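Inspection log for the structure reproduced underneath, given as structure tokens.
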Amino acid sequence: TATTYTFLLDGQWHESESNETIEIASPYKEDIVGRVQAMTKPEVDRAIASAKTAQAEWAKVPANKRAELLHAWATELEKRADEIGKVIMREVGKGLADGIKEVKRTAEIIRYTAEEGLRFDGQMMQGDSFPGGSAKKIAVIKKAPLGVVLAISPFNYPVNLAAAKLAPALMTGNAVVFKPATQGSISGILMVEALVAAGLPAGLVNLVTGRGSVIGDYLTAHPGINMITFTGGTATGQHLSRQSSMIPLVLELGGKDPALVLEDADLSLAADHIISGAFSYSGQRCTAIKRVFVLEPQADALVAELSARIAKLTVGSPEDESVVVPLIDAKSADFVEGLITDANEKGATLVTGGNRTANLIEPTLFDHVTRDMRIAWEEPFGPVLPIIRVNSVEEMIAYANESEYGLQASVFTENIDAAFSVADALETGSVQINGRTERGPDHFPFIGVKSSGLGVQGVGRSLASMTRDKLTVLNLK
Ligand code: G3H
């Protein structure tokens with residue numbers, strides 16, 4: 001029988017007073033992976049109150065001791081990497097090797113955050129640099145924690161994207177209320193178990209699981225929350241941003257990352273990156289390549305390179321390390337199937353794929369995709385890639401910028417001047433030259449503009465986002 005997990009409140013694991021649990025079903029086989037608690041609003045209140053109390057003490061703990069907790073957490077995760085990697089595989093259908101890699105990458109982010117956090121200092125300013133000011137007026141600008149940070153993580157990196165929020169929050173003296181995506185919460189619970197084993201003070205991180213319909217808005221609009229850091233869907237992020245008032249938000253949302261293949265591109269290299277960018281983990285990455293712009297003269301050759309590589313992709317169970325695996329749930333597969341049907345009906349050329357078995361969608365490539373097709377604009381979060389043929393680089397840029405999203409883009413060219421001028425013209429947070437769109441290495445800033453997000457992540461920027469300036473002015477005689 002599947003394990004029933006409990007939630008962490010004030011250093012103790014509890015069953016909910018609701019007496020209800022939520023079943024976590026396997027994305028790829030008939031199986032219940034486990035059950036998590038369906039918490040109530042009063043339990044959410046207690047989680048936030050306990051975090052607030054713990055934070056007051058934690059903020060006084062020396063930074064080097066806070067760093068020690070993070071290093072100990074990283075060590076615990078490394079010890080349990082195989083076990084947690086396997087749970088990631090079972091819960092969100094990611095290949096086992098990738099699941100284990102995610103845990104190890106997480107330990108590295110945590111350690112880097114601890115190190116960066118030790119060097120994350122404030123500033124001193126002297127008054128005399130402003131007209132009429134005095135050198136005897138000295139500002140000491142410290143980095144102060146925000147208080148209780150609400151961290152909400154998505155299903156696709158249930159450990160990594162959670163720890164990328166918890167670690168900087170803890171390092172800068174905040175407490176955390178952690179709400180994992182329901183599908184992904186078991187992995188999140190194991191990650192928190194590792195933190196408890198590392199010596200987490202009671203109440204400093206409280207874990208909340210439950211139904212969005214019951215506690216979602218209650219949690220995100222709660223007056224006890226001082227900052228929200230969220231990774232997930234654009235609609236939810238927009239809702240959060242409308243609902244929140246006067247607290248900082250960091251949002252990492254959806255994308256429609258384009259690959260722009262210029263006339264002089266190395267097509268073989270471009271195809272390698274486009275395929276890995278589009279189809280790894282079935283495209284269930286915000287940074288997946290989600291459309292390809294190519295000029296007519298190179299289009300046939302590029303399509304041939306892409307379809308040859310798609311034919312070699314492994315498709316099936318994550319237990320067999322397949323690249324293309326069943327999507328997270330039936331609703332997601334229904335959505336992707338709808339995009340495929342729409343493109344077929346509107347006359348796109350189906351180069352390969354297009355079929356579905358349960359939640360598994362074959363890697364699908366469409367050519368001659370036109371503006372009236374949903375796949376030209378919508379984010380599939382699935383293994384479907386549209387090729388859009390255009391007549392000029394200017395047209396590529398304008399088409400790319402018409403998107404509501406602005407996460408990343410890839411530009412493939414051998415011309416460094418063209419690369420920079422296209423990169424400058426693209427309305428995205430980042431542009432990759434001759435590489436696939438991706439977040440890592442994790443100390444780089446990670447930025448979404450337009451409907452792709454708000455604020456910046458990446459180790460250093462995440463530390464900054466969880467602090468505010470605290471000014472003390474010294475008026476010397
Ligand atoms: O799904 C969104 C993630 O932040 C993407 O991360 O580029 O490492 O796959 P990744």
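The values are calculated or read from the model by the stated rules, or taken from the named source; none is laboratory data. The structure displayed is predicted, hence computed values, not measured ones. Note that each Cβ is placed from the backbone with ideal geometry, even for glycine, and that neighbours are counted across all protein chains shown.
Go through 254, 233, 283 for me and flag whichever is within 12 Å of the ligand (Cβ to nearest atom) and buried (at least 24 other Cβ atoms within 10 Å of the Cβ).
Going through 254, 233, 283 in turn, just one is within 12 Å of the ligand (Cβ to nearest atom) and buried (at least 24 other Cβ atoms within 10 Å of the Cβ): 283.
Residue under question is residue 101, and the condition is that it be out of contact with any strand residue (DSSP E or B) (no Cβ under 6 Å at 6 or more places or on another chain), among the basic types (Lys, Arg) and more than 24 Å from residue 67 (Cα to Cα); does it hold?
No: the conditions fail for residue 101.
Just need a number here: residues in the range 34-67 that are among the charged types (D, E, K, R) and either surrounded by 15 or more Cβ atoms within 10 Å (Cβ to Cβ) or in a loop (DSSP other than H, G, I, E, B) (or both).
Number satisfying all stated conditions: 6.
Of everything in the range 139-155, what is away from the ligand (no atom under 16 Å from the Cβ) and either in a strand (DSSP E or B) or among the β-branched types (Val, Ile, Thr) (or both)? Give them in sequence order.
Correct list: 139, 140, 141, 142, 143, 144, 145, 148, 149, 150.
Say whether the condition of being hydrophobic (A, V, I, L, M, F, W, C), in contact with a Lys or Arg (Cβ under 8 Å, 6 or more places away or on another chain), in a strand (DSSP E or B) and at pLDDT 95 or above is met by at least one residue in the range 378-385.
yes
Show me the helices (runs of 4 or more DSSP H) entirely contained within the range 179-260 in which 2 or more residues are at pLDDT below 95 and not aliphatic (A, V, I, L, M).
Helices (runs of 4 or more DSSP H) meeting the threshold: 234-243.
Yes or no, residue by residue, for (1) out of contact with any strand residue (DSSP E or B) (no Cβ under 7 Å at 6 or more places or on another chain); (2) under 21 Å from residue 446 (Cα atoms); (3) without any contact (Cβ under 8 Å) to a residue 60 or more places away in the chain:
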{"site": "215", "(1), (2), (3)": "yes, no, no"}
{"site": "225", "(1), (2), (3)": "no, no, no"}
{"site": "231", "(1), (2), (3)": "no, yes, no"}
{"site": "243", "(1), (2), (3)": "yes, no, yes"}
{"site": "246", "(1), (2), (3)": "yes, no, yes"}
{"site": "249", "(1), (2), (3)": "no, yes, no"}
{"site": "252", "(1), (2), (3)": "no, yes, no"}
{"site": "268", "(1), (2), (3)": "yes, no, yes"}
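Can we say residue 276 is surrounded by fewer than 24 Cβ atoms within 10 Å (Cβ to Cβ), assigned to a helix (DSSP H, G or I) and either modelled with pLDDT under 95 or within 14 Å of the ligand (Cβ to nearest atom) (or both)?
yes
Quick one: residue 428 ticks every box in (1) part of a loop (DSSP other than H, G, I, E, B); (2) within 13 Å of the ligand (Cβ to nearest atom) bar one, so which box is it?
If we test residue 428 against (1) part of a loop (DSSP other than H, G, I, E, B); (2) within 13 Å of the ligand (Cβ to nearest atom), just (2) comes out false.
If a residue has to be crowded, with 19+ Cβ neighbours inside 10 Å, more than 13 Å from residue 384 (Cα to Cα) and more than 13 Å from the ligand (Cβ to nearest atom) to count, how many in the range 286-297 make the cut?
3
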